[in-house]
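Everything below concerns the one structure shown next.
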Amino acid sequence: MKQHIPNFVTGLRIALTPLIAFVLWQPQENWLTALGLFLFIIASASDWLDGYLARQMNIVSPVGRMLDPIADKLLVAACLLALAASRVADAVFLVPALIILMREILVSGLREHLAGSKVIVPVSLAAKWKTATQMTALGVLIGAPILGGASRVTAEIGGIVLLWFAAAMTVQTGVMYFRASSKHF
């Protein structure tokens, strides 16, 4: 049973994702926004927790190695789509959101292609920082409506700046993956 705990935590992130998206799609009331933020924080923290538990218990599994990045991509994509649907989505938000979504799909396709050749592409430290920046940006953008007045505007601007920074990191890590694997094409 112990060997399944990290994968259970990853599964929890996957299970929470549609619930988070559903809550974010609802009309913006402070209690719903707070619930969405709370669930998002739990899901985001589970990204760190599953890896930590797997390393501490020395039970890194192929299933966990596969599910963890999928869970991250599902959470990020669902939140980006929910935020786009629940706000006046302008280019300042949509451009980095589309960059992030497109890169995630391209890298997933790359991993799928390489898996057919029995090539494993390890997750880089830069990609881990990219995911952390994406999660931070999304958390700020999800929580901003709870704040009032100037604090809300400041949080929204900060969240957008972080989202653009995350999009730049997303492009950088995507290019790194494609360069590192180009010899396998």
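The values are calculated or read from the model by the stated rules, or taken from the named source; none is laboratory data. Since the structure is predicted, the reported quantities are computational estimates derived from the model, not experimental observations. Every residue, glycine among them, receives a Cβ derived from its backbone with ideal geometry; neighbour counts consider all protein chains shown. To get the accessible areas, we keep the full protein, side chains included, count just its heavy atoms, and leave off ligands, DNA and RNA. Shrake-Rupley method; radii C 1.70, N 1.55, O 1.52, S 1.80 Å.
Suppose we keep only residues that are of a type in the set (A, V, I, L, M, F, W, C) and not in a helix (DSSP H, G or I) within the stretch 44-81. Which one would you say is surrounded by the fewest Cβ atoms within 10 Å (Cβ to Cβ)?
First pass over the stretch 44-81, keeping only residues of a type in the set (A, V, I, L, M, F, W, C): 45, 48-49, 53-54, 57, 59-60, 63, 66-67, 70-71, 74-81.
When the remaining residues are screened for being not in a helix (DSSP H, G or I), the result is 59-60.
Values: 59: 15, 60: 12.
Once the filter is applied, the top-ranked residue is 60.
Matching residues to (1) under 15 Å from residue 11 (Cα atoms); (2) of a type in the set (Ser, Thr, Tyr); (3) within 21 Å of the chain's Cα centre (by Cα):
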position: 25; (1), (2), (3): no, no, yes
position: 28; (1), (2), (3): no, no, no
position: 38; (1), (2), (3): no, no, yes
position: 41; (1), (2), (3): no, no, yes
position: 44; (1), (2), (3): yes, yes, yes
position: 48; (1), (2), (3): yes, no, yes
position: 63; (1), (2), (3): yes, no, yes
position: 66; (1), (2), (3): yes, no, yes
position: 71; (1), (2), (3): yes, no, yes
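In this structure, does residue 84 turn out to be more than 16 Å from the chain's Cα centre (by Cα) and either open to solvent by 70 Å² or more (accessible area, probe 1.4 Å) or farther than 18 Å from residue 43 by Cα (or both)? Step through it out loud before you land on a result.
Working: more than 16 Å from the chain's Cα centre (by Cα): no; either open to solvent by 70 Å² or more (accessible area, probe 1.4 Å) or farther than 18 Å from residue 43 by Cα (or both): yes.
Here the answer is no, as residue 84 does not meet what is asked.
On the basis of being closer than 17 Å to residue 136 by Cα, part of a helix (DSSP H, G or I) and open to solvent by 80 Å² or more (accessible area, probe 1.4 Å), does residue 41 make the cut?
On the way: closer than 17 Å to residue 136 by Cα: yes; part of a helix (DSSP H, G or I): yes; open to solvent by 80 Å² or more (accessible area, probe 1.4 Å): yes.
Judged against the criteria, residue 41 is a match.
Across the stretch 103-128, what is the number of residues that are of a type outside the set (Val, Ile, Thr) and within 13 Å of the chain's Cα centre (by Cα)?
Residues of the stretch 103-128 that are of a type outside the set (Val, Ile, Thr), as a first pass: 103-104, 106, 108-118, 122, 124-128.
From what is left, the residues that are within 13 Å of the chain's Cα centre (by Cα) are 103-104, 127-128.
Of the residues in the stretch 103-128, 4 are of a type outside the set (Val, Ile, Thr) and within 13 Å of the chain's Cα centre (by Cα).
The rows are residues; the columns are (1) closer than 30 Å to residue 185 by Cβ; (2) among the polar types (S, T, N, Q); (3) modelled with pLDDT under 95.
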{"site": "75", "(1), (2), (3)": "yes, no, no"}
{"site": "85", "(1), (2), (3)": "no, no, yes"}
{"site": "109", "(1), (2), (3)": "yes, no, yes"}
{"site": "114", "(1), (2), (3)": "yes, no, yes"}
{"site": "119", "(1), (2), (3)": "yes, no, yes"}
{"site": "122", "(1), (2), (3)": "yes, no, yes"}
{"site": "136", "(1), (2), (3)": "no, yes, no"}
{"site": "139", "(1), (2), (3)": "no, no, no"}
{"site": "148", "(1), (2), (3)": "no, no, yes"}
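Filter the stretch 101-125 for residues that are closer than 19 Å to residue 183 by Cβ and of a type in the set (S, T, N, Q) and give the result.
117, 124
Is it the case that residue 34 is open to solvent by 30 Å² or more (accessible area, probe 1.4 Å), part of a helix (DSSP H, G or I) and free of Cβ contacts under 8 Å to residues at least 24 places away in the same chain? Full working, then the answer.
Numbers: open to solvent by 30 Å² or more (accessible area, probe 1.4 Å): yes; part of a helix (DSSP H, G or I): yes; free of Cβ contacts under 8 Å to residues at least 24 places away in the same chain: no.
When the stated conditions are applied, residue 34 does not pass them.
Hey, among the residues in the stretch 151-185 that are of a type in the set (Val, Ile, Thr) and closer than 18 Å to residue 112 by Cα, which one's most open to solvent (accessible area, probe 1.4 Å)?
Among those that are of a type in the set (Val, Ile, Thr) and closer than 18 Å to residue 112 by Cα, it is 175.
Could we say that residue 17 is in a helix (DSSP H, G or I), more than 15 Å from the chain's Cα centre (by Cα) and of a type in the set (Val, Ile, Thr) here? First the steps, then the outcome.
Numbers: in a helix (DSSP H, G or I): yes; more than 15 Å from the chain's Cα centre (by Cα): no; of a type in the set (Val, Ile, Thr): yes.
No, not satisfied.
Of the residues 117, 108, only one is in contact (Cβ under 8 Å) with a residue 60 or more places away in the chain and surrounded by fewer than 14 Cβ atoms within 10 Å (Cβ to Cβ); which?
Step by step, each of 117, 108 is checked, and only 117 is in contact (Cβ under 8 Å) with a residue 60 or more places away in the chain and surrounded by fewer than 14 Cβ atoms within 10 Å (Cβ to Cβ).
Here is a list: 136, 131. Which entry is under 15 Å from the mean Cα position of the chain (by Cα), hydroxyl-bearing (Ser, Thr, Tyr) and within 19 Å of residue 105 (Cβ to Cβ)? Don't jump to the end; show me each part of the working.
Working: 136 fails: within 19 Å of residue 105 (Cβ to Cβ).
From the options 136, 131, the qualifying one is 131.
Mind checking whether some residue in the stretch 129-142 is open to solvent by 40 Å² or more (accessible area, probe 1.4 Å), in a helix (DSSP H, G or I) and of a type in the set (Val, Ile, Thr)? Working first, answer last.
Step one: list which residues in the stretch 129-142 are open to solvent by 40 Å² or more (accessible area, probe 1.4 Å), which gives 129, 132, 136, 140.
If we keep only those that are in a helix (DSSP H, G or I) too, we end up with 129, 132, 136, 140.
Next cut, of a type in the set (Val, Ile, Thr) only: 136, 140.
For the stretch 129-142, residues open to solvent by 40 Å² or more (accessible area, probe 1.4 Å), in a helix (DSSP H, G or I) and of a type in the set (Val, Ile, Thr): present.
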